[in-house]
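Worksheet: the structure to be examined is printed underneath.
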Amino acid sequence: MKKLFTFFCFFILQSCSHTYMPAEQLTVSSSDQQLQQLINTHHQFYLQSSPFNAPKEGGNNGKLPDLSPNFLASQNIKLDNIYQALSKINNKKLNATNQINRAVLLYTLKNQLDSYQNKEHYMPLTSESGFHIWIANIRQQVNLKSEQDYYDYLSKLRAIPRYFDQQIAWMNIGIKQGITQPKVVLKAFEQSILAYIKEDVSKSDYYQPFKKMSTYLSLGKQVSIQQEAKRVISKYVMPAYQKYYDYMVTRYQPNARNNIAATSLPNGNKYYQNRIEHYTTINISAKQVHEKGLKEVTRIRAEMEMIIEQVNFDGDFTAFIEFLRNDQQFYAKTPTELLKEASYIAKLMDGKLPSLFKTLPRTPYGVIKVPANIAPKYTTGRYSGPSRDDQAGNYWVNTYRLDKRPLYVLTALTLHEAVPGHHLQLSIAKEMQNVPKFRNRTYISAFGEGWGLYSEYLGVEVGMYEDPYHNFGRLTYEMWRACRLVVDTGIHSQGWSRQQAINYLTNNTALSLHNVQTEIDRYISWPGQALSYKIGELTIKKLRLDAEKALGQQFDLREFHDEILKNGSIPLNLLEMIINQYIKEKLKIIG
């Protein structure tokens, strides 16, 4: 999954933007011109919304985002004004490119407005992460070359206590209004804060940029800045983390809500339906999602039973799952072994990409382990895109508790997170030309995660699952995503307990029990997001089937995949319109 959260937009670190030049300048209507003006207005709004979006050396490059009530309220008003004006533009009078631009921007702005209205900034954390982790990524955001760059970075570090205090202030309001994460998912969460508190500040993540400094600085200047860095981290950063740790243990965790359902939040039913529609991008109810999940679970279970017969296992489904969870042949002995296996799978798939795609991105990717400070409660793996154009993307593999990281699911995981999944899809989107910059950075979960799950399936077609156990691993991953439809809606709309959800996922997949528990806590703390995967994958598979039926022998899989990905991340209803138009145009050519 894309490792970008969807909390309130001003909290998230984003890369710089640039001016948009429309692709169809010769056929612009007055509606196209109105849209262009609004895109430019939004661009200016984006630049001023966070110091990370338009850093100026010696100026806001040394600042952190302002989370004060007045600033966030004023930002919301500005955003709403853009959204209302955008809504009034006649879509039918826009050219094809601008219809996509408008749809994507409307979707993005609506979620930002909804997030503020839903008061998601009262809960700047999930079971596996939080603002104290996100902000630590500033060391990857900054490009330290000049002396001023280092002074700006130090200025950011001095601002961390204010940034933490503003987050804690919102969390206190959340406690008063009953808008907190559930108590049960916060068990041991404080350990992720403690991991940043170092007695020797030179071991702090925040100090890493000072260990190998720019060669443009003299040795004497480097030593001087390093000494100042240690002082700043010791005086400002470490106390901020310690204060947050104490707050989490003594105030937040004891006062967190007991009910795990999103519907237990104020206005909870409306909130959960809003999240369903956001994460699926379609008009569907919790009940419909639940029923769709149950059907998929039944279908996939039948395929899993066939593989159990294929390997001549002497026992039922439950016994086979226990065999997979406990037999040492399915587990790496060292973190390096696991990383090497993931790297081999990724490289093997690299060689098969030309058979599936005409267009491939230029951005490379690496395979690295999940940072130790978040690994215990983190998911099995995730893709992390580059922050700057001088960086590669990274496929993160969790090497914590190797006895809970089965090798038989590693092929599916790698195809999902690296190639042909998130790395390929996100890199193509980032490298799109002649589109507004917001299109390059937009991530729509139903599209992106749907593509990730579909990518796991593509491995079947290029021979990546010759080992039946790895194919069973693929099916258990698909079953995992089908179960998400059931357990997410079960938890948040049907009164399921945490243990009920754990039991359902345990009984229907070969996921390790540790993974099952961390996943269920993730769904509890991030309502609706888990619905993206299956809904998106089912849509892409349906569109492919429609194209295959309509085009017959003229169907070109490589061309179809390019059509899916060429517009970047878009809502599923828009994707359907684009593919249907593609089919019509191809039929005209065929005659």
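Each value in this text was obtained by applying a stated rule to the coordinates, not by laboratory testing. Bear in mind the structure is a predicted one, so any value in this text is a computation, not a measurement. Reconstructed Cβ throughout: ideal geometry from the backbone, glycine too, with neighbour counts over all protein chains shown.
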Q.
Need the C-alpha centroid separation for region 520-591 versus region 318-395, integer Å.
A. 25
Q. Can you work out ³J(HN,Hα) from phi for every residue in region 343-358, in order, using Karplus 6.51 cos²θ - 1.76 cosθ + 1.60 and θ = phi - 60°, giving whole Hz and x for Gly and Pro?
A. 5, 5, 4, 4, 5, 4, 5, 3, x, 9, 4, x, 6, 10, 9, 8
Q: Work out, step by step, the length gained on full extension between residue 500 and residue 191: first 0.36 nm times the residue separation, then minus their alpha carbon distance; give nm to one decimal.
A: 108.6 nm
(Q) Given a Förster distance of 60 Å, report the FRET efficiency between residue 434 and residue 312 from their Cβ-Cβ distance, rounded to the nearest 0.05. (A) 0.60
Q. Relative contact order of the chain: what whole-number percent is it, with Cα pairs under 8 angstrom and at least 6 residues apart?
A. 18
Q.
Restricting to DSSP H runs of at least four residues, report the calculated mean residue ellipticity at 222 nm for the chain, -39500 (n - 2.57) per run over all residues, nearest 500 deg cm²/dmol.
A. -18000 deg cm²/dmol
**Q.** Share, in percent, of DSSP beta bridges within region 272-537 that are antiparallel, nearest 5
**A.** 50
Q: Starting from the amide H of residue 29, placed 1.01 Å from N in the peptide plane, find each other amide H under 5 Å away whose residue is 5 or more places distant or on another chain.
A: 95
Q: Would you work out which of 336, 274, 496 lies farthest towards the positive end of the dipole of the chain? Charges go on Cβ: Lys and Arg +1, Asp and Glu -1.
A: 274
Q. When the dipole is taken about the Cα centre of region 272-537, and only Lys, Arg (+1) and Asp, Glu (-1) are charged at their Cβ, what size is it in debye, to the nearest 20?
A. 1020
Q.
Taking the Cα centre as origin and putting +1 on Lys and Arg beta-carbons and -1 on Asp and Glu beta-carbons, what dipole magnitude results for region 63-138, to the nearest 20 debye?
A. 500
Q. Given the Cα-Cα distance of residue 542 and residue 56 and 0.36 nm per residue of separation, how much length would full extension add, in nm?
A. 170.2 nm
Q: Treat each spin label as a single point 7 Å out from the Cα along the C-beta direction, and report the residue 549 to residue 68 distance in nm.
A: 5.9
**Q.** Listed residues 252, 151, 457: farthest to the positive end of the dipole of the chain (Cβ charges)
**A.** 151
Q | Footprinting exposure proxy for 162, 102 (fewest neighbouring C-beta atoms within 10 Å first) | A | 162, 102
Q | Label-to-label distance, nm, for residues given as residue 348 and residue 573 (7 Å Cα→Cβ offset) | A | 4.2
Q) Between (1) 1.07; (2) 1.18; (3) 0.97, which matches Cα Rg over 2.2 N^0.38 Å calculated for the structure shown? A) (3)
Q: Run through the DSSP bridge list for the chain and note the antiparallel percent, rounded to the nearest 5.
A: 45
(Q) If amide hydrogens are placed 1.01 Å from N in the peptide plane, which non-local residues have theirs closer than 5 Å to the one on residue 367? (A) 395
**Q.** Sequence-separation-based contact order of region 272-537, relative, with Cα cut under 8 Å and 6+ spacing, percent
**A.** 28
Q. Taking θ as phi - 60°, what are the ³J(HN,Hα) couplings along region 64-71 by the Karplus curve (6.51, -1.76, 1.60), each to the nearest whole Hz, with x for Gly and Pro?
A. 10, x, 8, 10, 5, x, 5, 5
Q: Could you line up 467, 200 from fewest to most neighbouring Cβ atoms inside 10 Å?
A: 200, 467
**Q.** Projected label distance in nm at residue 291 and residue 212, using a 7 Å step from Cα toward the beta-carbon
**A.** 5.8
Q) What ranking of 404, 542 emerges when the number of other C-beta atoms within 10 Å of each C-beta is taken as an exposure proxy, fewest first? A) 542, 404
**Q.** residue 331 long-range amide H proximity, modeled H, under 5 Å
**A.** 407
Q | Share, in percent, of DSSP beta bridges within region 324-415 that are antiparallel, nearest 5 | A | 50
Q.
For Cα pairs less than 8 Å apart in space and 6+ apart in sequence, what is the mean separation divided by the residue count of region 291-420, i.e. the relative contact order in percent?
A. 28
Q: Report the one residue of 121, 73, 106 whose Cα lies farthest in the direction of the positive end of the charge dipole of region 59-122 (charges on C-beta: Lys and Arg +1, Asp and Glu -1; origin at the Cα centre).
A: 106
Q.
What does the extension gain come out to for residue 401 and residue 145, with contour length at 0.36 nm per residue minus their alpha carbon separation?
A. 88.3 nm
Q | Sites residue 298 and residue 328 - FRET efficiency at Förster radius 51 Å, r taken between beta-carbons, to 0.05 | A | 0.95
Q) In debye to the nearest 20, how big a dipole does the chain give about its Cα centre with +1 on each Lys and Arg Cβ and -1 on each Asp and Glu Cβ? A) 1560
**Q.** In region 129-218, the GluC sites (Glu not before Pro) that fall in loop regions by DSSP, at most 14 other Cβ within 10 Å
**A.** 199
Q: Quick one: what are the phi-derived ³J(HN,Hα) couplings along region 270-285, Karplus 6.51/-1.76/1.60 with θ = phi - 60°, whole Hz, x for glycine and proline?
A: 5, 4, 5, 4, 4, 5, 4, 5, 5, 7, 9, 6, 10, 8, 8, 8
